[in-house]
1. Averaged per residue, what accessible area in Å² does segment 598-690 show with a 1.4 Å probe, protein chains only?
2. Would you mind giving the average projected area, over all directions, of the Cα convex hull of segment 447-493 in nm² with one decimal?
3. Please give, to one decimal in nm, the separation of the simple spin-label points placed at A67 and I632, each 7 Å out from Cα toward the Cβ.
4. Counting only protein heavy atoms, what percent of the accessible surface of the chain is carbon or sulfur at a 1.4 Å probe?
5. Report, in deg cm²/dmol and to the nearest 500, the calculated mean residue ellipticity at 222 nm for the chain, where each DSSP H run with n ≥ 4 adds -39500 (n - 2.57) and the sum is divided by the residue count.
6. In percent, how large is the relative contact order of segment 228-299, given Cα pairs closer than 8 Å and 6 or more residues apart?
7. Which semi-axes, in whole Å and largest first, does the equivalent ellipsoid of the chain have when worked out from the alpha carbon gyration tensor as the square roots of 5 times its eigenvalues?
8. Of the listed peptides 317-325, 247-255, what is their order by residue-averaged count of other C-beta atoms within 10 Å, with the highest listed first?
Amino acid sequence: MNHDVSEPDFIPEDLADLARAHGVATHYAGYDGKPRQVSAQTLVTVLTALGVPASTPAEIALSLQAAGEEEWRAVLPPAVVVRQGREATFPVHVRDGAAVSVWIKVDGAEDGAPAGAGGRIDLGQVDHYVPPREIDGRLTGRATFLAPGNLPLGWHSLHTLTDDVETVSTLIVTPARMESLSERFGEQLWGMLLQLYSVRSRASWGLGDLSDLADLAWMCAERGGADFIAVNPISAAEPGLPQTPSPYLPTSRRWLNPIYVRVEDIPETGYLSSADRSLVDWAADPARALDTDPGPIDRDTVWTAKKAALEVVFQTPRRPARQAEFDAFVARQGKGLQDFALWCAITEHFEGQHPAHHHDRYDCLAWPEDIPSPEAPRAAELREQLAERVAFFTWLQWVADEQKGRVQRVARQAGMRIGVMHDLAVGVHLEGADAWTLRRCLATGVQVGAPPDMYNQVGQDWSQPPWNPRALKNAGYRPYRDLIRTVVRHAGALRVDHILGLFRLWWIPTGAAASEGTYVSYDHHAMVGILCLEAAKAGAVVVGEDLGTFEPWVREYLADYGLLGTSITWFEQADGRPLPPERYRPATMASIGTHDMPPTAGYLQQEHVDLAERLGLLLEPADEARARERKIRDVYVADLIERGYVGADPSEREIIEGMHRFLRHTASQLIGVQLVDCVGERRSQNQPGTNLEYPNWKVPLADSAGQLVLIDDLWDSQRLRSLLAVLDEPR
């Protein structure tokens, strides 16, 4: 094969075959369209992370043989995923010549229940002969069976009986297609996009919380006519200090961050004694003082105050009915919740023994080597020793879940047709709770990122462990199911950050440059199907952030499933001009920008170029960057003038309103309006490529003059009311 590749590196043919057998790319197309070759060392490291030895020729030969025999060693595949209404065949491996019975037990069925009514469905064999093979010294035959197309949605079980041995596997029936928004609502809907922590009220404790979100949802629906309100991920952070600012680097994606709990709204707070109430008030004082502080959001002070107050409330006796509700919640969430709470308790316990951890996060936390997983004997000892703290962290999840549920109820009661759109981050911290509790399904020795592109020519390393696709499949995809199921609980919609990661992820060997990675493929039929199944069961809309480098068929596949994509006005261009509104993909949520870009006011003033210049992030002369960005701005403004969305010499505010008129005339089914654009905020929430250089994820909401905007005063903003009036104009 002849390829015009950069940095050529010899890859032995057997290593390339092994990589391809496990979905590891040996080549990929760069952002410039030219092919790139992956190094042999990267392939070896990535295969090792997948649990496939490949360090020597002998290991490669054995792994190749194992790859060819792996499915023959299992009676049933670990999971079979089928789209509803479609038949699917699957293999069954038994001793050659042995009789085998195969049946399905429908989800929720009791033994003996009739087929089609949630009972047993016996399956017939398909006439498809495959020659037997000798596996581990035994002649093994393959029979092919057919799963019918009339199975209900859900998680069913596959059963086989041969030689008096029963084997059980998982059969997952996913929706053929998600119900479209046009079918559900018949018209374009709009909603507010915001970073919850940045939007505070006078009742907040220095950081926007779930009660603030409920108030915002009510006002956006009642006073603005919004049909959804979208927030940043509110996933779990550290149990102690320091608190990681980025909502996209949680310790767990499944569980909630109790920093967003409103202490006063927990029912038991109303039953505190005078002394305990004073303790709560004293704890709150330092945090409440931050509500009007224009400086960066101080999560450490907020969490110190809230944790102290929550510990007081936790000790307050609960009424029998409330205790029963708590117990039921714990029982429903099962081992996953208990293991997460145990991780929190252990982390807190050893933090106290290593105060330096408060400066270096996990680096100074001496996590004991004898607790590699929740199943370790030492973990069982600590579960008993720290039982009270485990109970506390379990309770925190309950009260957070209650308040999350209240937000959705308030949103729907106020008239929102969708309600709250929650956000699912790409991954988790390398040393967080999920990395410990799900370690069997996560790859080690590698981390997720992105290859070089025109915006970041050295690539990106997100410092997150990826799902191991082999281990996840062998687990029947249950950890992934539990994640999605928990996140869509109390959600009207779910935004999936970098949904392209359900197809493939860029794996980077630990310690290597981001450019030295490669793509690893996932079973997208399973990953996308399970996402749709759990969302459909919850009645939630799914929006995938499908920006970046991808193969053309990927968007078509997502659209075929009925998932919405993402359209960003600044990125939608055709022949050097803004893409006409009628040419926008209908199945998208369209917005002007993203949380990784400056608000529209800042973008129009090129503040992102000024900031990049100050931080030394520009890869070109500043004057050239400004000229390029000015040209983009001028082209968009000229288009707005030509379409009659603004006058001949529009002001900044008029341009922003004109761009929203443009959005309203697109074919997109959902329109996202950023709250920062409603008040004229100019500062970015996140400046990619920085850590300490810029206060990422710490910028409180302010107006065009830099004055703080609290929820209490939000609807006094003439700028906001004027923009909402634009959204109310006929299309």
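1. Ligands and nucleic acids excluded, the figure is 41 Å² per residue.
2. For segment 447-493, the mean projected area of the Cα convex hull comes to 5.1 nm².
3. 4.0 nm
4. Ligands and nucleic acids excluded, carbon and sulfur reach 50 percent.
5. Result for the chain, helices only: -11000 deg cm²/dmol.
6. Numbers: 40 pairs, mean separation 17.2, N = 72.
Once divided by the residue count of segment 228-299, the mean separation gives 24 percent.
7. 42, 33, 28
8. 247-255, 317-325
The values are calculated or read from the model by the stated rules, or taken from the named source; none is laboratory data. Remember, it's a predicted structure, so these values are computed and weren't measured experimentally. As a convention, Cβ positions derive from the backbone with ideal geometry for all residues, glycine included, and neighbour counts pool all protein chains shown. The area values use the complete protein model at the heavy-atom level, side chains included, leaving out ligands, DNA and RNA. Shrake-Rupley method; radii C 1.70, N 1.55, O 1.52, S 1.80 Å.
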